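Heads up: the structure comes next, in structure tokens.
The values are calculated or read from the model by the stated rules, or taken from the named source; none is laboratory data. Keep in mind that this is a model prediction, so the values were computed, not measured. Counting neighbours? That spans all protein chains shown, and the Cβs are built from the backbone with ideal geometry, glycine included. Calculation scope for accessible area: heavy atoms of the full protein, side chains included, ligands and nucleic acids excluded. Shrake-Rupley method; radii C 1.70, N 1.55, O 1.52, S 1.80 Å.
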Amino acid sequence: YADFDLTKQQLERICYLVGHHHTFKNIEGLDYQILVEADFIVNASESNMNIKTIQNFYDKVFKTSAGKKLLTEIYGSSS
């Protein structure tokens, strides 16, 4: 981690995020929330998810205004 000018704590957080980015319960920290939302947006497209599944995830998991806005812009209304 010294090669990247990271502290041990930063490296541990990065490893935690990478290891848990598909875990949607107990999301703690804005960095984790953003990662989960961004990953879902990509996966929804790549997996051809139906709009009902996307809406359910929006309702239950998305928290950030930027993530909600982007998901709505890509897949349509959230209502």
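Summary of values
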item	result
Selection status of Phe62, assigned to a loop (DSSP other than H, G, I, E, B) and either aliphatic (A, V, I, L, M) or closer than 30 Å to Cys15 by Cβ (or both)	yes
In region 1-26, the residues that are part of a loop (DSSP other than H, G, I, E, B) and either hydroxyl-bearing (Ser, Thr, Tyr) or at pLDDT 95 or above (or both)	Tyr1, Thr7, Thr23
Matching residues in region 1-33 - criterion: being touching a helix residue (DSSP H, G or I) at 6+ places or on another chain (Cβ under 7 Å) and among the aliphatic types (A, V, I, L, M)	Leu17, Ile27
Residue tally, condition under 20 Å from Lys69 (Cα atoms) and part of a loop (DSSP other than H, G, I, E, B), over region 27-45	2
Where Asn48 falls short, out of the listed (1) modelled with pLDDT under 95; (2) in a loop (DSSP other than H, G, I, E, B); (3) on the phi < 0 side of the Ramachandran plot; (4) open to solvent by 60 Å² or more (accessible area, probe 1.4 Å)	(3)
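Results for (1) free of Cβ contacts under 8 Å to residues at least 12 places away in the same chain; (2) of a type in the set (Asp, Glu); (3) open to solvent by 40 Å² or more (accessible area, probe 1.4 Å), shown as yes or no for each residue.
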position	(1), (2), (3)
Val18	yes, no, yes
Val36	no, no, no
Val42	yes, no, yes
Thr64	no, no, no
Gly67	no, no, no
Leu70	no, no, yes
Gly76	no, no, no
